[in-house]
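First comes the structure, then the notes that go with it.
Rule-based calculations on the coordinates, nothing more; no lab input. Since this is a predicted model, take the numbers as computed values, not measurements. Backbone-built Cβ (ideal geometry, glycine too); neighbour counts: all protein chains shown.
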Amino acid sequence: MKKLYVLVFFLFPFVVMAQNADSVWLVNNYIKKEVSIPMRDGVKLFISAYLPKDNTEKHPILMERTPYSCAPYGKDSFRPFWINHLMAYCRKGYIMVIADVRGRWMSEGTFMDVRPFNPNKITNKDIDEASDTYDTIDWMVKNLANNNGNVGVFGISYPGFYSTMASLSGHPALKAVSPEAPVTDWFVGDDFHHNGAFFQLDAFSFYKEFGFGQPHPKPTPLAAPTYDPPIHDNYQFYLKTGALPNFTKLAGDSLIFWNQMMNHPNRDAWWMARNARVGIKNVKPAMLVVGGIFDAEDCFGAWNTYKAIDKQSPATNNRLVMGPWYHEQWRNNDGTHLGNIQWGSNTSAYYANNIEIPFFDYYLRGKGTVDSISKATVFFTGENKWHKLPQWPPADIQPTDLYLSANGALSFTAGNSTKPSFDSYVSDPTKPVPYTADVHFNRTRTYMTDDQRFAARRPDVLVFETDTLTKDITLGGPVVADLMISLSNTDADFVVKLIDVYPDNAGYNSVDIYAETDPVAKYPMGGYQMLVRAEIMRGRYRNSYSNPEAFVPGKPTQVKYTLPDVAHTFKKGHRLMVQVQSSWFPLVDRNPQQFIDIYHAKDSDFVKETINVYHDQSKIILPVLK
């Protein structure tokens with residue numbers, strides 16, 4: 001390890017020097033223009049365009065539309081493209097454009113969160129993000145000097161949503177689009193709700209603490225006010241603040257979308273209009289959908305945007321890339337690991353050099369080839385290898401039942417007992433199960449692969465485990481949780497975790513268990529319980545997101561739902577584990593465990609509940625790759 005530290009120390013100055021050299025080169029070889037472009041309804045939207053000084057050839061345009069600002073503002077202040085692989089586009093002579101979306105920062109108009117796509121625009125007053133993209137592209141190809149008439153759009157997270165909307169614009173100059181971790185469905189699986197359960201930690205920090213929800217009544221380069229909570233232990237802060245109406249009071253009347261969410265508890269027409277998959281039809285540009293398998297924010301969006309394009313626009317040239325990444329890690333120079341888990345290579349560099357840059361080079365510059373970019377390029381963790389596949393999910397997966405049995409057993413064969421049996425636990429809203437073991441404030445990005453031993457030791461978490469595997473088992477596709485449960489009350493949440501248990505005497509971070517202290521970077525990997533996938537279901541939505549149903553106390557009831565796709569190999573010598581619990585705090589808001597309006601519940605509404613999970617009638621359906 002000392003050699004590694006020396007190597008990092010030795011290389012770091014050269015990395016900084018390279019970035020400094022790139023920044024000097026960019027300033028000397030590019031000019032920046034700031035323009036307000038009129039849309040069809042007269043509203044002007046702001047862009048920052050970085051144009052090569054080289055006039056010997058025509059250049060393609062690569063644009064990102066964002067609600068997060070195209071700062072820095074001012075023609076002499078340059079965006080730091082040199083900090084990651086975006087610098088490669090500059091070296092190749094791309095015209096780089098960053099655009100403030102309608103109603104944000106220096107753009108005029110009224111901002112609307114995840115503005116619904118309008119397929120029936122009739123007058124110039126009928127606008128959406130697709131029409132704003134069309135009008136922006138139309139102006140750029142007619143007015144930016146020395147462009148070659150080919151435009152690409154990309155973006156991560158919220159800009160990923162705008163990339164999806166760009167693909168629906170229909171402009172003939174738009175040749176290639178890459179929605180990356182695209183916000184897609186904020187009720188079913190992205191950011192603020194998963195299967196109807198409210199992800200309060202992300203929502204409150206985004207709208208209130210970060211200040212995103214503050215209105216921009218007129219163009220401004222200034223950031224909105226932020227909020228600093230009085231307690232910097234998020235478990236304690238969210239528990240002490242209590243029920244959601246208390247957070248609404250802190251949010252105030254100006255946070256429009258927060259208050260709208262509080263008044264749309266079910267998946268009604270308002271939410272359906274904001275499902276980005278609704279408009280995905282007849283998509284013309286080449287598409288490269290990108291996401292992180294361990295993205296805590298928009299993993300759902302990547303998998304399901306790709307699937308929606310294939311299903312609803314089958315003629316589209318559509319590709320998928322999923323790497324072992326946290327949110328945006330593919331644009332980070334270091335894709336070698338996530339938390340304690342090592343990938344054996346720099347997956348981010350592989351993606352940039354072998355997939356994203358060749359993709360845009362081919363469709364926008366007419367250079368190179370995309371023959372080596374398969375329909376689906378997916379990194380399988382565990383074995384730590386990229387798989388190039390002709391489709392996703394793979395054609396040769398076999399749905400395989402894994403039964404939750406008595407005595408904590410997890411088995412590929414169901415028990416033969418004729419008498420129903422179950423495990424029970426008490427879910428106490430005053431002592432919810434934490435989503436991580438440590439004390440912190442901001443939501444971590446590594447919890448998606450964290451060691452789950454802390455949770456396995458709690459009495460309100462059920463644990464089921466296989467025997468040691470005698471051969472590798474590879475999963476590729478969605479995982480289904482199929483539980484048979486009964487409750488003492490009328491509602492509950494269910495969190496199901498699929499875990500890879502490492503051998504007790506194995507691990508690449510070998511730690512001296514008798515030492516007084518250990519190096520900060522080391523973690524004992526023997527017996528590590530790696531979270532492979534976890535997802536929550538708010539029980540009331542088990543049959544319908546639009547028409548919630550109460551549970552009948554004491555009545556055995558099926559709760560079946562789909563977890564996001566996995567791509568993982570459980571190695572020989574490891575074990576599979578499943579954990580079941582009913583809180584995941586403060587990541588997700590607490591369920592009062594009564595069938596009431598949670599968004600307007602009182603602190604006194606939260607009650608304890610006994611939950612039974614029936615053996616052998618409860619199972620996990622795994623997508624086993626044959």
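Model label sites at Asn143 and Lys44, defined 7 Å from Cα along the beta-carbon direction, differ in position by 0.9 nm. Computed on the chain, the Cα convex hull volume stands at 163 Å³ per residue.
Largest first, the three principal axis extents of the alpha carbons in segment 202-336 are 51, 41, 34 Å in whole numbers.
Amide H to amide H, with H built 1.01 Å from N, Gly93 comes under 5 Å of no residue 5 or more places away or on another chain. Under 20 Å from the 7 Å Cα→Cβ point of Lys572, by amide nitrogen: which residues of segment 522-565? Taking a point 7 Å out along Cα→Cβ of Lys572, the residues of segment 522-565 whose backbone N falls under 20 Å are 527. Counting Lys and Arg as +1 and Asp and Glu as -1 over every other residue whose Cβ lies under 13 Å from the Cβ of Gly93, the net charge comes to +3.
What does the charge count near Pro60 come to, summing +1 for each Lys or Arg and -1 for each Asp or Glu among other residues with Cβ under 11 Å from its Cβ? Don't jump to the answer; show the numbers that get you there.
On the way: positive: Lys58, Lys92, Lys175, Arg365, Lys367; negative: Glu57, Asp361.
So the environment of Pro60 carries a net charge of +3.
Name the aspartates and glutamates eligible as straight-distance cross-link partners of Lys249: C-alpha to C-alpha under 19 Å, and not fewer than 8 places from it in the same chain. Of all the aspartates and glutamates, those that pass the test against Lys249 - Cα under 19 Å, at least 8 places apart if same chain - are Asp202, Glu209, Asp228, Asp589, Asp597, Asp603, Asp605. For segment 139-154, the residues whose backbone nitrogen is under 18 Å from a point 7 Å from the Cα of Asn124, taken along Cα to Cβ, are 139-140. Just grab the label-to-label distance for Asp467 and Asp504, each label 7 Å out from Cα along the Cβ direction, in nm (one decimal). Label at Asp467, label at Asp504, 1.7 nm between them. Considering helices alone, the calculated mean residue ellipticity of the chain at 222 nm is -5500 deg cm²/dmol, with DSSP H runs of length four and up weighted by -39500 (n - 2.57) and normalised per residue. The calculated FRET efficiency for the pair Tyr73 and Lys560, based on their C-beta separation and a Förster distance of 60 Å, comes to about 0.75. Per residue, the convex hull spanned by the alpha carbons of segment 564-626 comes to 169 Å³.
Does segment 106-170 come out rounded, prolate or oblate by the C-alpha gyration tensor, with a ≥ b ≥ c the root eigenvalues, rounded set by a/c under 1.5 and, if not, prolate when a/b is larger than b/c and oblate if not? Cα axes put segment 106-170 in the prolate bin. If I take R0 = 41 Å and measure r between the Cβ atoms of Glu209 and Lys375 in this structure, what FRET efficiency does the formula 1/(1 + (r/R0)^6) give, to the nearest 0.05? Step by step, r from the Cβ atoms, then E = 0.55. How would segment 266-376 be classified by its alpha-carbon gyration tensor: rounded, prolate or oblate, with rounded meaning a/c under 1.5 and the a/b versus b/c comparison settling the rest? Taking the square roots of the gyration eigenvalues as a ≥ b ≥ c, segment 266-376 is oblate. With 0.36 nm allotted per residue and the present C-alpha distance subtracted, the Asn547-Gln594 stretch has 15.3 nm of extension available. Fully extending the segment from Arg453 to Lys388 would add 20.0 nm, taking 0.36 nm per residue of separation and subtracting the current Cα-Cα distance. Each 10 Å bin, from zero up to the one with the longest distance, holds this percent of the alpha carbon pairs of segment 446-497: 14, 39, 38, 8, 1.
Close amide H pairs (under 5 Å, H built 1.01 Å from N) link Val290 with Glu180, Ala181, Val321, residues at least 5 positions away or on another chain. Here's the list of lysines a cross-link from Lys58 could span, going by alpha-carbon distance under 25 Å and ignoring same-chain residues fewer than 8 apart: Lys32, Lys33, Lys75, Lys92, Lys142, Lys175, Lys284, Lys367. Pro245 sits among other residues whose Cβ lies under 11 Å from its own Cβ, and their net charge, with Lys and Arg +1 and Asp and Glu -1, is -1. Relative to the current alpha-carbon distance between Thr610 and Val439, full extension at 0.36 nm per residue lengthens the span by 58.8 nm. When the Cα gyration tensor is reduced to axis lengths a ≥ b ≥ c, the ratio a/c is 1.5 or higher for segment 392-492, and with a/b not above b/c it is classed as oblate. Residue-wise HN-Hα couplings along segment 265-281, as the Karplus relation 6.51 cos²θ - 1.76 cosθ + 1.60 with θ = phi - 60° gives them from phi, are x, 10, 7, 8, 4, 4, 6, 4, 5, 9, 8, 4, 6, 4, x, 6, 8 Hz; Gly and Pro carry x. Of all DSSP beta bridges confined to the chain, the antiparallel ones make up roughly 70%.
Straight-line reach from Lys419: taking Cα to Cα under 19 Å and skipping same-chain neighbours fewer than 8 places apart, the aspartates and glutamates in range are Asp616.
With the charge dipole of segment 255-340 set up from +1 on Lys and Arg Cβ and -1 on Asp and Glu Cβ about the Cα centre, the Cα lying farthest toward the positive end among the listed residues Ala286, Gly339, Gly323 is that of Ala286.
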